[in-house]
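Quick notes on the structure that follows.
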Amino acid sequence: MNDQDDNKQIIDRIQAIRDDLGKKLLILTHHYQRKEIVALGDYQGDSFGLSQKAAEDKDAQYIVFCGVHFMAESAEILSQAHQTVQIPKTEAGCWMADMADNHVVTEAWDELTSITGPGSIMPIVYMNSDAELKAFCGLQGGTVCTSSNAPDALRWAFTQREKVLFFPDQHLGRNTGNQMGIRPDEMILWNPKKPLGGNTPDDVKKAKVILWDGYCLVHTRFQVEHVRKMREKFPQSKLVVHPECTQEVVAMADAVGSTSYIVKYVKEAPPDTTIIIGTEINLINRLALEHPDKKIFELHYSLCPNMFKINLNNLLWTLENVGKVNVIKVREDIKVDARAALDRMLDLAPQNKSLKGKDPSDKGQIPVAM
Ligand code: 13P
Ligand code: SF4
């Protein structure tokens with residue numbers, strides 16, 4: 001039997017379980033999942049959209065999350081008591097989320113507040129973080145944000161407090177700060193391995209945004225040189241990138257936004273447009289297949305090996321053991337505080353807009369870099 005026949009058999013078995021469970025089962029798939037996994041999901045989305053779905057759904061008894069661990073954990077926090085959340089592979093983590101933990105962030109927080117005094121810093125934690133960090137934020141009156149609502153989160157934070165501690169992704173924080181007109185000298189980097197994060201007390205006093213020194217290896221792989229080469233090869237092309245890319249790459253892009261924004265951008269672009277995309281390769285390949293009327297290329301090959309750990313075999317195994325294996329459970333006390341920070345995020349209006357440029361739907365035009 002060849003691989004294709006094998007896959008067909010697995011897909012048929014998954015489909016039979018889905019039919020059998022009906023509304024009792026909800027399969028959520030992130031945009032970076034393999035195409036065969038996305039095809040079997042009830043809903044595909046970015047991390048904001050998927051957490052919204054998990055919070056809204058009251059019918060499903062079983063939520064199977066095809067994405068990385070922090071996403072499944074957020075779904076568990078937002079789900080109802082009668083629902084069970086499972087992930088097909090528990091080892092599907094996130095490198096960036098591992099760059100900050102409760103212990104080091106609490107240490108940094110204590111150092112920072114010993115300089116600024118209490119009540120002046122608002123913590124904002126990126127969705128790509130573990131539940132304990134979300135709970136820390138909830139306890140301190142802060143919020144979670146995703147790449148689709150980071151500007152809203154920052155704007156909200158500055159109505160409450162004078163400074164923001166943004167973690168773990170320095171690039172999303174910096175790109176959002178740039179877009180809001182915060183000057184580079186008002187944004188400092190906090191390296192947890194250095195005393196005072198590598199700053200002086202005066203730097204901390206002057207800073208508006210303190211950026212944690214975390215990053216995504218998948219998105220920081222994109223270089224200015226890649227943009228130059230692709231622009232040279234396709235002079236009429238448009239470039240859309242994810243805000244986890246560096247500010248140098250973002251500065252050269254026509255539009256910047258979350259994975260759902262990128263999907264929308266491609267969908268709304270006029271036929272024959274050449275679009276270069278700076279994000280994870282599985283999403284780009286799927287978009288190219290779904291939009292044969294447009295020319296879609298990757299800025300550079302970059303795969304998230306964690307997202308790739310979910311496959312047909314482990315999805316089938318999870319469904320054959322629905323409610324029993326790889327169940328995500330967050331400790332009740334952590335859950336209460338993390339939920340407070342996630343609820344704050346869900347109350348912020350989702351933007352799904354570009355950090356720069358206009359939506360491609362505007363006058364049928366592709367946005368021009370600002
Ligand atoms: P989105 O929120 O845009 O889906 O991004 C999640 C992520 O992990 C990107 O690397
Ligand atoms: Fe984490 Fe980067 Fe993978 Fe997103 S692409 S899940 S940030 S490692």
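So here's what we get for this one:
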read-out: Candidate set: the stretch 241-280, residues that are more than 11 Å from ligand 1 (Cβ to nearest atom) and of a type in the set (Ser, Thr, Tyr); chosen: the one nearest to Leu217 (Cα to Cα); value: Thr246
read-out: Qualifying residue in the stretch 189-207 (condition: within 16 Å of ligand 2 (Cβ to nearest atom) and of a type in the set (A, V, I, L, M)); value: no
read-out: Any hit, the stretch 154-161, residues being open to solvent by 10 Å² or more (accessible area, probe 1.4 Å), away from ligand 2 (no atom under 16 Å from the Cβ), in contact with a Ser or Thr (Cβ under 7 Å, 6 or more places away or on another chain) and in a loop (DSSP other than H, G, I, E, B); value: yes
read-out: Residue that is modelled with the lowest pLDDT, among those in the stretch 333-361 that are more than 27 Å from Ile310 (Cα to Cα) and open to solvent by 70 Å² or more (accessible area, probe 1.4 Å); value: Lys358
read-out: Subset tally (residues that are of a type outside the set (D, E, K, R), away from ligand 2 (no atom under 16 Å from the Cβ) and assigned to a helix (DSSP H, G or I)) for the stretch 97-130; value: 12
read-out: Single match in Leu287, Leu315, Leu303 (criterion: in a helix (DSSP H, G or I) and either surrounded by fewer than 23 Cβ atoms within 10 Å (Cβ to Cβ) or within 16 Å of ligand 1 (Cβ to nearest atom) (or both)); value: Leu287
read-out: So Leu196, is it away from ligand 1 (no atom under 16 Å from the Cβ) and not in a strand (DSSP E or B); value: yes
read-out: Selected residue [within 16 Å of ligand 1 (Cβ to nearest atom), in contact with a Cys (Cβ under 8 Å, 6 or more places away or on another chain) and within 23 Å of Pro123 (Cβ to Cβ)] from Met71, Met96; value: Met96
read-out: Residue that is nearest to ligand 2 (Cβ to nearest atom), among those in the stretch 265-284 that are crowded, with 20+ Cβ neighbours inside 10 Å and of a type in the set (S, T, N, Q); value: Thr279
read-out: Inter-residue pairs, beta-carbon under 9 Å, first under 16 Å from Tyr265 (Cβ atoms) and in the stretch 225-240, second crowded, with 20+ Cβ neighbours inside 10 Å and aromatic (Phe, Trp, Tyr), 6+ apart; value: Lys238/Tyr265; Val240/Tyr261; Val240/Tyr265
read-out: Residue match in the stretch 133-140 (condition: under 20 Å from Gly197 (Cβ atoms) and either without any contact (Cβ under 8 Å) to a residue 40 or more places away in the chain or surrounded by fewer than 19 Cβ atoms within 10 Å (Cβ to Cβ) (or both)); value: yes
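The values are calculated or read from the model by the stated rules, or taken from the named source; none is laboratory data. Being a predicted model, the structure only gives us computed values, none of them experimental. A quick note on method: Cβ atoms are made from the backbone with ideal geometry, for glycine too, and the neighbour counts reach across all protein chains shown. Just the protein is used for accessible areas: all its heavy atoms, side chains included, with ligands, DNA and RNA removed. Shrake-Rupley method; radii C 1.70, N 1.55, O 1.52, S 1.80 Å.
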